[in-house]
Amino acid sequence: MRLIVFSDTHGRCSMLPQCVRRTGPDMIVHLGDHMRDTRIIEESFPEIPLYAVPGNCDFSSAEDTLTFSAGGVLVFATHGHRYGVKSTVDSLLNSAHFAGAQLVLYGHTHIARIDYPAGMTVVNPGSSGLGSEPSFAQIDIREGGIAAKILPVVPKDPYM
């Protein structure tokens, strides 16, 4: 099972379909801040399940935290602003732990990172739309565990 995770696209979503084609995911997650940017993915890839949560820049009544199963792993997904992730991820980790999550996805900080606290894999894909190097996450779930990596939205030219 392969997931790709976008966050903080902020209206800059033209490259998302290319990221989907490049990675061939079984599932897509968007962690907010311009949740409407998922329309380009829904239209281009209606067959791929898509989960999305609103961020602090979204005006949505949708749930801001989702739990769902991916490849037998319980996923806890949120934008992160309601958990104060710019200061600490403690509240986020506490909620994810008590939800029984093995994989925790959050955004909001625009800083890509992968951590492994308390038996969980915690992934922030960074900003998929802003900054000099927009990024997203690719997560592979196999019997052997969870493998996550951060990828550039625009691949680097190997000849430069």
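For GLY129, are the conditions met, namely being small (Gly, Ala, Ser), touching a residue at least 24 places away in the same chain (Cβ under 8 Å) and out of contact with any strand residue (DSSP E or B) (no Cβ under 7 Å at 6 or more places or on another chain)? Don't jump to the end; show me each part of the working.
Details: small (Gly, Ala, Ser): yes; touching a residue at least 24 places away in the same chain (Cβ under 8 Å): yes; out of contact with any strand residue (DSSP E or B) (no Cβ under 7 Å at 6 or more places or on another chain): yes.
Judged against the criteria, GLY129 is a match.
Residues that are open to solvent by less than 30 Å² (accessible area, probe 1.4 Å) and at pLDDT below 95 within region 101-118 are absent altogether.
Looking for something surrounded by fewer than 19 Cβ atoms within 10 Å (Cβ to Cβ) and under 16 Å from HIS10 (Cα atoms) - is there at least one such residue anywhere in region 133-148? Show your work before the answer.
Taking region 133-148 first, the residues surrounded by fewer than 19 Cβ atoms within 10 Å (Cβ to Cβ) are 133, 140, 142-145, 147.
Next, only the ones that are under 16 Å from HIS10 (Cα atoms) stay: 133.
Scanning region 133-148, I find at least one residue that is surrounded by fewer than 19 Cβ atoms within 10 Å (Cβ to Cβ) and under 16 Å from HIS10 (Cα atoms), so the answer is yes.
Sort out for me the strands (runs of 3 or more DSSP E) sitting completely within region 38-100 that have 2 or more residues that are modelled with pLDDT of 95 or more and open to solvent by 40 Å² or more (accessible area, probe 1.4 Å). Write out each step before concluding.
Working: elements: 50-52, 65-70, 73-78.
Passing ranges, in order: 50-52, 65-70.
Going by what's in this entry, would ALA118 be described as over 23 Å from ASP37 (Cβ atoms), assigned to a strand (DSSP E or B), of a type outside the set (Asp, Glu) and without any contact (Cβ under 8 Å) to a residue 60 or more places away in the chain? Considered against the rule, which asks whether it is over 23 Å from ASP37 (Cβ atoms), assigned to a strand (DSSP E or B), of a type outside the set (Asp, Glu) and without any contact (Cβ under 8 Å) to a residue 60 or more places away in the chain, ALA118 comes out as no. Only a single item in (1) open to solvent by less than 40 Å² (accessible area, probe 1.4 Å); (2) touching a Gly at 6+ places or on another chain (Cβ under 8 Å); (3) assigned to a loop (DSSP other than H, G, I, E, B); (4) of a type outside the set (Lys, Arg) is not met by ASN124, and it is number (3). Of the residues making up region 27-37, those that are part of a loop (DSSP other than H, G, I, E, B) and among the charged types (D, E, K, R) number 1.
The values are calculated or read from the model by the stated rules, or taken from the named source; none is laboratory data. Remember, it's a predicted structure, so these values are computed and weren't measured experimentally. Positions of Cβ are generated from backbone atoms using ideal geometry, with glycine treated the same way; all protein chains shown enter the neighbour counts. Ligands, DNA and RNA are excluded from the accessible area calculation, which covers all protein heavy atoms including side chains. Shrake-Rupley method; radii C 1.70, N 1.55, O 1.52, S 1.80 Å.
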